[in-house]
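Let me begin by presenting the structure, written as structure tokens, before commenting on it.
The values are calculated or read from the model by the stated rules, or taken from the named source; none is laboratory data. Keep in mind that this is a model prediction, so the values were computed, not measured. A quick note on method: Cβ atoms are made from the backbone with ideal geometry, for glycine too, and the neighbour counts reach across all protein chains shown.
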Amino acid sequence: MKVIIVDVYNWRPMMLGHIVEDEWEIGMEWPNIKILRQEIKDYCIKNRFVGRMVVNESYRILAICEASGCPWRAYWRKKKSDGFTMRLSTFNNEHRCAADTDHKNRMADAVWVATVMLEHMKVHHKTCTPQNIIDDIRQKQHVAISYWTAWSARIRCLQQIHGDFVESYKLVPVLCDQVNPKCCFCVYILEKAKEWDINGLVPAVVKKIEKMIEDIPNWDLEASNSSLYCIRDVKSDYRYTVNIVDQECSCRRWQLSGIVCVHAVVILYKMRADWREYCSSYFWVSTYRMAYKGHIKPMEDPRDWPKPVSYPKLFFIDTGVELLN
Ligand SMILES: [Zn+2]
Ligand SMILES: [Zn+2]
């Protein structure tokens, strides 16, 4: 643990007396690039500047301070001897920029907050609210995050704790209730869902299927009997077995995700099948609306809804709500 000595060039208004841990030095090593990338983020947030990896390759990383004219930079190279270790070989730890006085840092996004909070959430996920997360992050990481970043990070943690997509998907309305009795997010999603075709699949799944349709020329339909098909990858010659009746493919994606895989699409496209019949009802617009409706009390006027700074970007994306983070 070191205290930063503030000199004229290094002067950053709110950094005075701020204790910075894990100060870097030339020659320091990180076990692999994944850990390094995470630590760069931690370091920048802790030191209250926005860093950017201008070179981000499997064997080297160059990070700079994003503020214009600020000379701070760090450069790592992978050690040839083992092919994993990343070594800090150039480091200029001088800032001429000023730290954000309101303690905000856009590097502290939901993904980062979720990583920081995951261990805590594993124990306290039943009681930990977004406000608790905001307080915790402010106290321990000295950075201010929005309610929606905290909210989104909390769901990310829950997703990791509870596992698969469908389970988390079922949890959402319940979570919304816990988070906010008015649940503006549910209302928002429901409003969005009104624009969707009630007989169809949620837009993100439609989009996914459209992409797979474009990929059809890369696949060959080989032998088939009434329900069993063999699909061959034209490039690699690899084969998959698809059972249309049982809705299974040897790639396992179909049965695991509930969304048709590209191999099934090759067959179903020729059959002019109704995609909905071959995707889990979780992805039907009708189910989606039902799931949210039960949890929302009507509000008088949309203008009265609480206005979040930014909507969390999560698996909602996967169900077709276009949200910005
Ligand atoms: Zn700087
Ligand atoms: Zn498949």
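Observations on the model:
- Verdict on Ser250 being of a type in the set (S, T, N, Q), more than 16 Å from ligand 1 (Cβ to nearest atom) and at pLDDT below 90: no
- Residues that are surrounded by fewer than 22 Cβ atoms within 10 Å (Cβ to Cβ) and within 20 Å of Ile40 (Cβ to Cβ) within segment 117-142 comprise Leu118, Lys140, Gln141, His142, listed in sequence order.
- Unmet criterion (only one of (1) assigned by TED's automatic domain parsing to the domain that holds Leu158; (2) in contact with a helix residue (DSSP H, G or I) (Cβ under 7 Å, 6 or more places away or on another chain)) for Val123: (2)
- Of Met28, Met53, Met1, all but one fail to be modelled with pLDDT under 90 and of a type outside the set (S, T, N, Q); the exception is Met1.
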